[in-house]
Amino acid sequence: MKKLLLAVDHLSTWIGQAFAWLIVVLTALITWEVFSRYILNAPHDWNLDAQLMGYGTLFMMAGAYTLAKSGHVRGDVLYGFFQPRTQAAIDLALYIVFFLPGIVALTWAGWTFFQDALAIRESTFSATPLPIYPFKAVIPVAGLLLMLQGFVEIVRCAQCLRTGSWPSREQDVEEVDVDKLKQMVRADEGAAR
């Protein structure tokens, strides 16, 4: 079971990191548009639409990655003081009551939106229209990935309720925590003495 959970974590991480490269594409699009508009005096009407679709894709495809890394926003004011079993019970209830119905609705509606957009070959309303239906295909795909990662999180909650400790997760790049950084600096100072 542990291998399966970590495999889904790995899939979510890989997809999240792959789509993170859209940041480079978006930066290039914005830079090109600023250069083109203000230096060449030749703006592109399609560029803003492409930026919005790229950002939306990045945002949606990072959802499962963020869930796998426990990076979604939560009210940690009290949650952090609870025992792991209490945390798992709260998480499990929230996953069942809010997460699963919301993700099922997102995936279902996304699939419907995609089918409708594909049927009419929907495009943007600009002089140089861009197709929207490939962008709308991202919605149900992101929903399915988020649902898969959500099932893994539900299993983790059940395991924590049974054992009293959280199961391991795949490790990834961590944010630099100021307190950890201070401890590292103090440890280096102590070693130098």
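The values are calculated or read from the model by the stated rules, or taken from the named source; none is laboratory data. This structure is a prediction, so every number in the text was calculated from the model and none was measured. Backbone-built Cβ (ideal geometry, glycine too); neighbour counts: all protein chains shown.
List, please: which pairs have Cβ atoms under 6 Å, are six or more places apart or on different chains, and start with a residue in the stretch 14-43 that is without any contact (Cβ under 8 Å) to a residue 12 or more places away in the chain and end with one that is among the basic types (Lys, Arg)?
Sorted first by the residue in the stretch 14-43, then by its partner, the pairs are Pro43/Arg37.
Across the stretch 89-126, which residue is surrounded by the fewest Cβ atoms within 10 Å (Cβ to Cβ) among those that are in contact with a helix residue (DSSP H, G or I) (Cβ under 7 Å, 6 or more places away or on another chain) and not in a helix (DSSP H, G or I)?
It comes out as Arg121.
Restricting the stretch 1-29 to residues that are surrounded by 14 or more Cβ atoms within 10 Å (Cβ to Cβ) and farther than 16 Å from Lys69 by Cβ, which is nearest to the chain's Cα centre (by Cα)?
Leu22
With the requirement that a residue be farther than 14 Å from Met53 by Cα and either of a type in the set (Val, Ile, Thr) or part of a loop (DSSP other than H, G, I, E, B) (or both), what does the stretch 130-147 give you?
Val141
The rows are residues; the columns are (1) within 30 Å of Leu6 (Cα to Cα); (2) touching a Gly at 6+ places or on another chain (Cβ under 9 Å); (3) of a type outside the set (Val, Ile, Thr); (4) not in a loop (DSSP other than H, G, I, E, B).
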| position | (1), (2), (3), (4) |
| --- | --- |
| His44 | no, no, yes, no |
| His72 | yes, yes, yes, no |
| Leu78 | yes, no, yes, yes |
| Thr128 | no, no, no, no |
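Right, Arg186: farther than 23 Å from Met60 by Cα, basic (Lys, Arg), modelled with pLDDT of 70 or more and exposed (fewer than 12 other Cβ atoms within 10 Å of the Cβ) or not? Break it down stepwise before answering.
On the way: farther than 23 Å from Met60 by Cα: yes; basic (Lys, Arg): yes; modelled with pLDDT of 70 or more: yes; exposed (fewer than 12 other Cβ atoms within 10 Å of the Cβ): yes.
Spelling it out, Arg186 is indeed farther than 23 Å from Met60 by Cα, basic (Lys, Arg), modelled with pLDDT of 70 or more and exposed (fewer than 12 other Cβ atoms within 10 Å of the Cβ).
All but one of (1) loosely packed, with under 13 Cβ neighbours inside 10 Å; (2) in contact with a Leu (Cβ under 6 Å, 6 or more places away or on another chain) hold for Leu78, so report the exception by its number.
Exception for Leu78: condition (2).
Does the stretch 67-90 contain at least one residue that is of a type in the set (Phe, Trp, Tyr), touching a residue at least 40 places away in the same chain (Cβ under 8 Å) and farther than 27 Å from Ala127 by Cβ?
No - not one qualifying residue is present in the stretch 67-90.
Among the residues of the stretch 46-70, write down those that are within 27 Å of Phe151 (Cα to Cα), assigned to a helix (DSSP H, G or I) and of a type outside the set (Val, Ile, Thr).
Applying the first criterion (within 27 Å of Phe151 (Cα to Cα)) to the stretch 46-70 yields 55-70.
Going one step further and asking which of them are assigned to a helix (DSSP H, G or I), we end up with 55-61, 63-68.
Those that are within 27 Å of Phe151 (Cα to Cα), assigned to a helix (DSSP H, G or I) and of a type outside the set (Val, Ile, Thr): Tyr55, Gly56, Leu58, Phe59, Met60, Met61, Gly63, Ala64, Tyr65, Leu67, Ala68.
Filtering the stretch 127-150 down to residues that are without any contact (Cβ under 8 Å) to a residue 24 or more places away in the chain and surrounded by fewer than 17 Cβ atoms within 10 Å (Cβ to Cβ), which residue is farthest from Ala105 (Cα to Cα)?
Pro131
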